Amino acid sequence: MDSLKAEAGLPVGARQLDSKRLRQLQVAGILSGFSAGAWLGAAEAPTKLVNLGISPVIVSLLMVSGVFLARWSVPALIRGTAQMRVDVRQAPHLLLWGVLAGCLWAAANTLTILAIRNIGLSIAFPLWNLNSLLGIFWGWLLFHELRGSRRMQWLSVVGGAAVMFCGATLLAMASSAQTGGATTTRGILAALAAGALWGTMYIPYRKAYLTGMNPLSFVAFFTIGELGMMLALGLIEAGGLAALWRQLAQAKDVLFWLMLGGFVWVIGDLFQQYAAKYLGISRGIPLSNTNQLWGLLWGLFVFGELHGMAAGHYARVIGGSLLMAIGAGAIALASVTRAEHAHWRVAAEREALRYGIAEEFLNSGITESRPTSPAVGASRSWLDWFLVAAATGIFIYLASVARTPQIPVHWPALTLLSLALLASLSTTALVLFRTTRFQ
C-alpha cells in the first residue's frame, strides 16, 4: 500500500516501466552481480606477484594496461565502436565523469596492492569491500534509491550494512592477530582507503546509467583516466621515464600475468556495471562484493594463505567473510519496487534536464528497449577488428615470453575455480543478451 501511494504521487512518465520488464531487468542485474563477484575476485589473484619484490605501483600500472586493452577490445567486439559514438554524442558530459571515475579506480587499485602485500588477499578483500556502505549512502542521497521502498527493503539494507560492519571488524581482528605491528596497520588503512575511493567512484556510474548510457560505451572512456593516473603515479614513484622503463623491462617475465589480471578485472567490472544499472548502486555494488568470498577461496585454496594459523584465527577470517557476504546478500536481494523505480526516473529526468539529454535516449536507456539505429547497423568496422586483433596479438606475444611465477599454487583448485568463472560468464552473458541484446 505504501509503495502504491508513493507511486501515485509521481508523474505518469515516471511509472511507465511495467512489472514484467522490471523483473526481467532485476534478474539480469542479480546474475550480473554474482558474476561480477566471481570475476573481480579472480582478477586480484595475479597481484600475489608483489611477493616477488615487484613494486605495487608497477603491478597496478601493468594491470591497468591490461584493463586498457580489454575496455576497448571487448566493447568493440560486442557492440562496435559506431554504437559507442552514438551514445557519446547523446551524453558527451559523461566523458569527463568517466575519466574522473577511472582516476579514482587507479588510485584505489594501487592501494589494494599495498593492502594485499601487508595483510594478504583473503583479509584485504572484505575490508575494502566496505565501499558498498558508501555506495548505499550516495545512492540514497543523490539518486533517489530506496525512496518509495517498503519497510522490509529498508530493513534489509540497514540490517545488511550492520552485518557487514561486524564482519569487517572480525577480519580486522584476525589480521592484527596474524602479523601485528605497523605493517598490519598500513595494510588495513590501505584497504579502507581503497574502499572509500571505490565507493565514491560509483557516483559517475550511476549518473551514466540513469541517463541511458550503455555500460559497454561508458567503460571504454573510463580507462583513459585509469591509464593516465597510473602513468603519473608510476613516473613519480620511479623518478622519471627512464627509471620507469627499466622497472617495466625487469618485470617482462610476468607482464602477461599482470595484464591478464587486468583483463579478467574488466570482465567482472562489466558485469558490475550492468548490476549497478539494473539494481542501483545501493544493491548492485554489495552484490558484486561477493568477490570477497572468491578472494577467500583463491587465497586459501590456490595460494595457501593463512596456513599454520591457529583455529581461532581461521574462524575469524571465515566467519567475518561469511557475515559480510550475508549482509551484502540481504542488501542486494531487497527487490526494487515499481514505486522506487519511479523515483529513479525522477532522478534521471533531473540529470537529463541538467545536461540537455534527449528524452527519447533517456526513455530507451531506462527500459533497455533502444532499437539499433539503421545508420549504425550490427556489422563491425575495420577499427573494431583492429582493436580486437591488436589486443589479441599483444597478449599472445606476452604469453610467449612469460614464465610461470615461482610461487606455490594448488593447480586442481585453480582449475575448478577457473571452470566456475567460465560457467558464470556464459550463463550471465546469455541472459543479458536475451534481455537487452546489449543495446
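The values are calculated or read from the model by the stated rules, or taken from the named source; none is laboratory data. The structure presented is a predicted model; accordingly, all values stated were derived computationally and were not measured. Quick reminder, even Gly has a Cβ in these numbers, built from the backbone with ideal geometry, and neighbours come from all protein chains shown.
Are any residues in the stretch 88-108 surrounded by 23 or more Cβ atoms within 10 Å (Cβ to Cβ) and over 18 Å from Val266 (Cα atoms), and if so, which ones?
Ala91, Leu94
Please identify the pairs in which a residue from the stretch 269-296 that is farther than 14 Å from Gly327 by Cβ and crowded, with 24+ Cβ neighbours inside 10 Å has its Cβ atom under 7 Å from the Cβ atom of a residue that is of a type in the set (Asp, Glu) and modelled with pLDDT under 85, counting only partners at least 6 apart or on another chain.
Every condition considered, the pairs that remain are Gly295/Glu44.
Could you go through the stretch 110-122 and let me know if any residue there is farther than 30 Å from Gly329 by Cβ and surrounded by fewer than 23 Cβ atoms within 10 Å (Cβ to Cβ).
Within the stretch 110-122, not a single residue is farther than 30 Å from Gly329 by Cβ and surrounded by fewer than 23 Cβ atoms within 10 Å (Cβ to Cβ).
Being closer than 27 Å to Phe438 by Cβ, crowded, with 24+ Cβ neighbours inside 10 Å and touching a residue at least 12 places away in the same chain (Cβ under 8 Å) is true for just one of Met63, Met164. Which residue is that?
Met63
Being without any contact (Cβ under 8 Å) to a residue 24 or more places away in the chain and buried (at least 18 other Cβ atoms within 10 Å of the Cβ) is true for just one of Ile318, Ile331. Which residue is that?
Of the residues listed, the single one that is without any contact (Cβ under 8 Å) to a residue 24 or more places away in the chain and buried (at least 18 other Cβ atoms within 10 Å of the Cβ) is Ile318.
Testing Ala193 on (1) closer than 30 Å to Glu349 by Cα; (2) among the aliphatic types (A, V, I, L, M); (3) touching a helix residue (DSSP H, G or I) at 6+ places or on another chain (Cβ under 8 Å), one condition comes back false. Which one is that?
Status for Ala193: all satisfied but (1).
Any residue that is in contact (Cβ under 8 Å) with a residue 60 or more places away in the chain, closer than 28 Å to Ala315 by Cα and not hydrophobic (A, V, I, L, M, F, W, C) - is there at least one of those in the stretch 137-157?
Yes, that holds for at least one residue.
Working carefully through the options Leu323, Leu306, find the one that is within 30 Å of Leu62 (Cα to Cα) and either part of a helix (DSSP H, G or I) or touching a residue at least 24 places away in the same chain (Cβ under 8 Å) (or both).
Of Leu323, Leu306, the one residue that is within 30 Å of Leu62 (Cα to Cα) and either part of a helix (DSSP H, G or I) or touching a residue at least 24 places away in the same chain (Cβ under 8 Å) (or both) is Leu306.
Scanning the stretch 3-33 for residues that are crowded, with 16+ Cβ neighbours inside 10 Å and of a type in the set (S, T, N, Q), which turns out modelled with the lowest pLDDT?
Applying the filter and picking the extreme gives Ser3.
Count, please, the residues in the stretch 101-146 that happen to be more than 19 Å from Glu44 (Cα to Cα) and modelled with pLDDT under 85.
Total meeting the criteria: 1.
Answer with yes or no whether Arg283 is over 30 Å from Trp138 (Cα atoms), touching a helix residue (DSSP H, G or I) at 6+ places or on another chain (Cβ under 9 Å) and among the charged types (D, E, K, R).
No; evaluated as a whole, the condition is false for this residue.
Could you grab me the full set of residues in the stretch 111-149 that are part of a helix (DSSP H, G or I) and charged (D, E, K, R)?
Arg117
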